[in-house]
Structure formats: C-alpha cells, structure tokens
Amino acid sequence: MMLSTQIKLIIFSLIYGMFLSLTLNINYKYIYKTKFIYKLLVSTAYVSFNILLYFYILLKINNGILHYYSLICIVIGFIIVNPIVNKKRI
C-alpha cells in the first residue's frame with residue numbers, strides 16, 4: 001500500500017474513533033437507560049450503521065482493506081475524545 005493511502009487511513013481512523021465516541025455519548029440515554037427491547041433495537045441499529053459507514057468510507061480510501069493499525073487508531077481516537085465528552089455529559 002502506498003504511503004499516502006496509509007496516512008489517509010490513519011487520519012480517517014482517528015477521526016472515525018472520535019466520531020464514534022461522540023455518537024455513543026449522544027445516544028447514551030437510548031442505549032443504557034431504556035427498556036430492554038429499545039436497548040436491543042437502538043444498539044443493533046447503532047452498531048450496524050457505524051460498521052457500514054466505516055467500511056463504505058474504507059472502500060473509497062483503500063478498496064476496503066482493513067489493517068490492524070486502523071483498528072488501533074479507532075481506539076486511540078475514541079480514548080482521546082471520550083473523557084472530554086463524558087465531562088460535558090455529567
């Protein structure tokens with residue numbers, strides 16, 4: 001894979017991890033504080049949408065090839081933004 005593609009993938013994965021953290025905190029009350037059936041429906045829709053969105057954009061960047069460092073960058077992006085958003089939610 002070319003270096004420019006790897007850089008795009010790393011930057012996109014970091015931003016996507018941040019996006020994932022923000023949307024999880026926005027949907028917090030629907031995912032954690034409702035009845036079981038709503039939790040199940042919202043969680044399924046949330047996960048499905050995010051997976052499809054990630055792989056669709058990944059398909060545009062590098063033909064849908066998933067690398068271990070892209071997953072690491074998603075986790076790092078999530079870890080960076082999650083404490084900030086949690087402080088604002090409380």
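The values are calculated or read from the model by the stated rules, or taken from the named source; none is laboratory data. Because the structure is predicted, anything quoted here is derived from the model rather than measured. Note that each Cβ is placed from the backbone with ideal geometry, even for glycine, and that neighbours are counted across all protein chains shown.
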> Which numbered condition trips up Cys73, out of (1) exposed (fewer than 11 other Cβ atoms within 10 Å of the Cβ); (2) of a type outside the set (Lys, Arg); (3) within 28 Å of Leu3 (Cβ to Cβ)?
Replying inline: (1)
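Which is modelled with pLDDT of 90 or more and basic (Lys, Arg), of Lys39, Lys29, Lys60, Lys33? Talk me through it step by step, then tell me what you get.
On the way: Lys39 fails: modelled with pLDDT of 90 or more; Lys29 fails: modelled with pLDDT of 90 or more; Lys33 fails: modelled with pLDDT of 90 or more.
The unique qualifying residue is Lys60.
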> Just checking, how many residues over region 32-47 are in a helix (DSSP H, G or I), surrounded by fewer than 16 Cβ atoms within 10 Å (Cβ to Cβ) and more than 11 Å from the chain's Cα centre (by Cα)?
Replying inline: 10
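So which of Ile26, Ile31, Ile15, Ile7 ends up being closer than 26 Å to Leu66 by Cβ and in contact (Cβ under 8 Å) with a residue 24 or more places away in the chain?
Details: Ile26 fails: in contact (Cβ under 8 Å) with a residue 24 or more places away in the chain; Ile31 fails: in contact (Cβ under 8 Å) with a residue 24 or more places away in the chain; Ile7 fails: in contact (Cβ under 8 Å) with a residue 24 or more places away in the chain.
It is Ile15.
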> Within region 67-82, how many residues are modelled with pLDDT under 90 and closer than 11 Å to Met18 by Cα?
Replying inline: 1
>> Out of everything in region 51-70 that is part of a helix (DSSP H, G or I) and either of a type in the set (Val, Ile, Thr) or touching a Ser or Thr at 6+ places or on another chain (Cβ under 7 Å) (or both), what residue ends up being farthest from Met2 (Cα to Cα)?
In response: Ile51
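Filter region 24-49 down to residues that are of a type outside the set (Lys, Arg) and closer than 23 Å to Lys88 by Cα, then give me how many there are.
The first filter runs over region 24-49 and keeps only residues of a type outside the set (Lys, Arg), leaving 24-28, 30-32, 34, 36-38, 40-49.
The next check asks that each one be closer than 23 Å to Lys88 by Cα; those that pass are 24-28, 30-32, 34, 42-43, 46.
Total meeting the criteria: 12.
I need the full set of residues from region 1-31 which are over 13 Å from Asn82 (Cα atoms), of a type outside the set (Gly, Ala, Ser) and in a helix (DSSP H, G or I), in order please. Before you say what the answer is, go through the steps one by one.
Restricting attention to region 1-31, the residues satisfying the condition of being over 13 Å from Asn82 (Cα atoms) are 1-13, 27, 29-31.
Among the residues that remain, those that are also of a type outside the set (Gly, Ala, Ser) are: 1-3, 5-12, 27, 29-31.
Within region 1-31, Leu3, Thr5, Gln6, Ile7, Lys8, Leu9, Ile10, Ile11, Phe12, Lys29, Tyr30, Ile31 qualify.
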> Taking only pairs six or more apart or across chains, which ones have beta-carbon atoms under 6 Å, a first residue in region 36-59 that is hydrophobic (A, V, I, L, M, F, W, C), and a second residue that is part of a helix (DSSP H, G or I)?
Replying inline: Val42/Tyr30; Val42/Ile31
